[in-house]
Amino acid sequence: MQDKSTHEEYDVVIVGRGPVGATLANLLGLCGVRTLVLEREARTYHLPRAVHFDDECMRVFQTIGLADAIIPHVILSPGMLFLDAAGRMLLDWSRPQTLTPMGWHLSYRFHQPDLEDVLIGGLVRWPHVTLRNRCDVFALDQDETGVRVRYEELSNGKLTEVRTGYVIGCDGARSLVRRFIGSGMDDLGFHERWLVIDVLLKRARDDLGDYSLQHCDPGRPATYVRGTGTRRRWEITVLPDEDSQDVAQPAKVWELLSRWITPDDAEIERAAVYTFHSVIAQQWRNGRLLLAGDSAHQTPPFLGQGMCAGIRDAANLAWKLASVIRDGAAPDLLDTYQSERLPHVREFIALAIRLGGVINTKAIEAGLAAGQARENAPVKLEVKKPLLGPGLAFGDLPLAGHLAPQFTLTDGSRSDDRTGYHHLLLIETAAALPRLALSQTGLNILTSDDANGFGPWLREHGIIAALVRPDRYIRGSARNEAELDRLIAAITPPTQIPSTQAPSAA
């Protein structure tokens with residue numbers, strides 16, 4: 001244990017140990033960055049919050065070596081159905097049960113405390129990552145060389161400070177770091193009170209089903225979500241004239257649940273009123289202070305993308321921080337974090353608001369327009385992931401800003417496990433690189449000899465190569481040798497992270 005009377009120094013301090021903060025800390029651990037995580041609470045919050053993540057998030061968990069530890073705690077989701085007040089289907093958002101190009105399934109359900117325990121447990125693998133609980137940050141003083149972080153150790157009242165290069169606020173909707181950045185919030189217009197009810201079933205109720213159900217009832221819109229194990233959730237609109245405290249009382253809760261279950265079926269784990277918001281911070285960075293997750297953006301839950309957006313933030317930010325801290329990249333590289341992520345998350349929030357219009361029946365036609373009509377059948381919804389905003393991607397090249405697929409290698413393993421959290425060049429054959437000094441670039445390379453289906457993918461898109469960033473987004477592609485040289489020049493000198501591999505969870 002170091003003497004805390006001398007000011008400890010870190011490369012990065014993360015404020016907040018939730019899923020986003022813990023994922024970011026694991027990624028920085030993978031990059032060899034000295035990291036301190038400060039968390040106000042003593043232990044993981046024991047009640048459910050987020051309940052869904054997608055294939056892209058699981059790919060990030062794979063990157064940090066924790067996917068195998070997470071799999072036992074999740075179930076696959078068949079998707080979501082939107083029903084009118086009579087039970088007729090308005091919108092069919094079924095999810096395929098096959099693997100996506102990401103190498104994982106499209107939709108997973110989980111219990112957030114289980115996920116957080118795995119992510120936090122993964123931090124012990126990194127000797128240069130430190131977690132301190134019961135630490136309440138109250139001041140951030142930045143100068144040209146770093147940030148002085150002052151906090152109170154709540155267990156004993158001691159005031160402590162450390163020095164760090166950067167501070168990342170993963171500290172939620174009421175973010176202290178955001179206040180020190182001085183950022184206002186863009187309001188996208190959705191603010192509604194909903195009663196969130198989590199129950200534990202006492203007996204089997206297979207009739208409730210595995211699909212999430214959106215009951216688009218003008219009298220009382222509601223959502224049903226199948227959780228892991230015996231967990232089930234209902235989210236029910238609170239009417240304008242109802243008191244938030246009164247509606248959360250057990251008698252009223254059971255009255256609202258009576259169309260689905262009774263006290264003989266389940267026990268209430270939690271019932272609380274939440275206001276769902278749609279806001280985005282105007283400024284995600286001020287010098288050495290940055291935001292990620294709910295501190296930067298908040299979305300209505302109807303797409304299940306709230307936590308997913310924060311995990312994407314972490315994947316986008318960690319390698320850029322490491323490039324600046326470890327590899328001497330210019331600090332303005334960090335400006336591409338907001339420019340790329342903000343338009344991406346804004347598009348997801350806008351779609352969540354449109355679906356909210358279907359659920360609360362205020363804007364059904366506009367919401368249904370998000371899907372594809374089918375004759376004599378409900379509208380079929382397929383959500384395409386947005387592209388990155390402007391930043392490092394070569395926007396004039398094919399596939400720039402798209403997610404790259406994960407390929408199955410000839411030995412049956414996944415390509416991300418070989419390439420790690422690094423830049424990767426996908427190319428038909430290494431013979432196509434006669435002028436490239438591989439030892440100088442340090443690039444990871446995959447060819448058609450390494451991966452099944454890779455050659456056809458290149459030909460499908462009319463390219464000879466693609467440069468993939470550590471966060472799996474395509475920086476650019478090449479249709480000819482001149483464009484290939486341009487890609488290589490983009491990371492010379494290299495910005496990939498030192499070749500640290502993620503150890504599996506203990």
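The values are calculated or read from the model by the stated rules, or taken from the named source; none is laboratory data. Everything numeric in this text was worked out from a predicted model, so none of it was measured. Note that each Cβ is placed from the backbone with ideal geometry, even for glycine, and that neighbours are counted across all protein chains shown. Ligands, DNA and RNA are stripped out before the accessible areas are found, and what is left, the full protein with its side chains, is counted by its heavy atoms. Shrake-Rupley method; radii C 1.70, N 1.55, O 1.52, S 1.80 Å.
Here are the numbers:
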| quantity | calculated |
| --- | --- |
| Matching residues, segment 319-358, being crowded, with 21+ Cβ neighbours inside 10 Å, touching a Lys or Arg at 6+ places or on another chain (Cβ under 8 Å) and of a type in the set (Ser, Thr, Tyr) | Tyr337 |
| Within segment 8-17, tally of residues that are among the β-branched types (Val, Ile, Thr) and open to solvent by 10 Å² or more (accessible area, probe 1.4 Å) | 1 |
| Every pair of residues 6+ apart whose Cβ atoms lie under 7 Å, when the first sits in segment 282-293 and is farther than 14 Å from Leu140 by Cα while the second is polar (S, T, N, Q) and buried (at least 21 other Cβ atoms within 10 Å of the Cβ) | Gln282/Ser183; Gln283/Ser183; Trp284/Gln338 |
| Filtered residue count, segment 439-464, keeping only those that are modelled with pLDDT under 90, surrounded by fewer than 18 Cβ atoms within 10 Å (Cβ to Cβ) and more than 19 Å from Leu409 (Cβ to Cβ) | 3 |
| Some residue of segment 88-96 being closer than 25 Å to Gly453 by Cα, modelled with pLDDT of 90 or more and among the polar types (S, T, N, Q) | no |
| Restricting segment 281-314 to residues that are open to solvent by 10 Å² or more (accessible area, probe 1.4 Å) and in contact with a Pro (Cβ under 9 Å, 6 or more places away or on another chain), the residue that is nearest to Leu115 (Cα to Cα) | Met307 |
| Selection within segment 145-174 - touching a Gly at 6+ places or on another chain (Cβ under 9 Å) and touching a residue at least 60 places away in the same chain (Cβ under 8 Å) | Gly146, Val147, Arg163, Thr164, Gly165, Tyr166, Ile168, Gly169, Cys170, Asp171, Gly172 |
| Test: residue in segment 18-32 that is within 15 Å of Val124 (Cα to Cα), over 18 Å from the mean Cα position of the chain (by Cα), open to solvent by less than 10 Å² (accessible area, probe 1.4 Å) and of a type outside the set (Gly, Ala, Ser) | yes |
| Filter result (surrounded by 21 or more Cβ atoms within 10 Å (Cβ to Cβ), touching a strand residue (DSSP E or B) at 6+ places or on another chain (Cβ under 6 Å) and within 20 Å of Phe61 (Cα to Cα)) within segment 110-144 | Phe110, Val129 |
| From the options Ala173, Ala204, residue that is surrounded by fewer than 20 Cβ atoms within 10 Å (Cβ to Cβ) and over 30 Å from Leu291 (Cα atoms) | Ala204 |
| Neighbours by Cβ (under 7 Å, 6+ apart or cross-chain): first from segment 295-323, on the phi > 0 side of the Ramachandran plot; second surrounded by fewer than 24 Cβ atoms within 10 Å (Cβ to Cβ) | Gly304/His52 |
| Selection count where residues are out of contact with any strand residue (DSSP E or B) (no Cβ under 6 Å at 6 or more places or on another chain) and surrounded by 17 or more Cβ atoms within 10 Å (Cβ to Cβ), scope segment 79-91 | 0 |
| Check on Ser94, out of contact with any helix residue (DSSP H, G or I) (no Cβ under 7 Å at 6 or more places or on another chain), crowded, with 18+ Cβ neighbours inside 10 Å and closer than 20 Å to Leu106 by Cβ | no |
| Close pairs from segment 207-233: first under 13 Å from Glu269 (Cβ atoms) and of a type in the set (Gly, Ala, Ser), partner open to solvent by less than 30 Å² (accessible area, probe 1.4 Å) and part of a loop (DSSP other than H, G, I, E, B), Cβ under 9 Å, at least 6 apart | Gly227/Pro48; Gly227/His111; Gly229/His111 |
| Filtered residues of segment 392-428 (kept if closer than 13 Å to Val60 by Cα and without any contact (Cβ under 8 Å) to a residue 12 or more places away in the chain) | none |
| Candidate set: segment 465-503, residues that are closer than 27 Å to Pro386 by Cβ and open to solvent by 60 Å² or more (accessible area, probe 1.4 Å); chosen: the one modelled with the highest pLDDT | Arg479 |
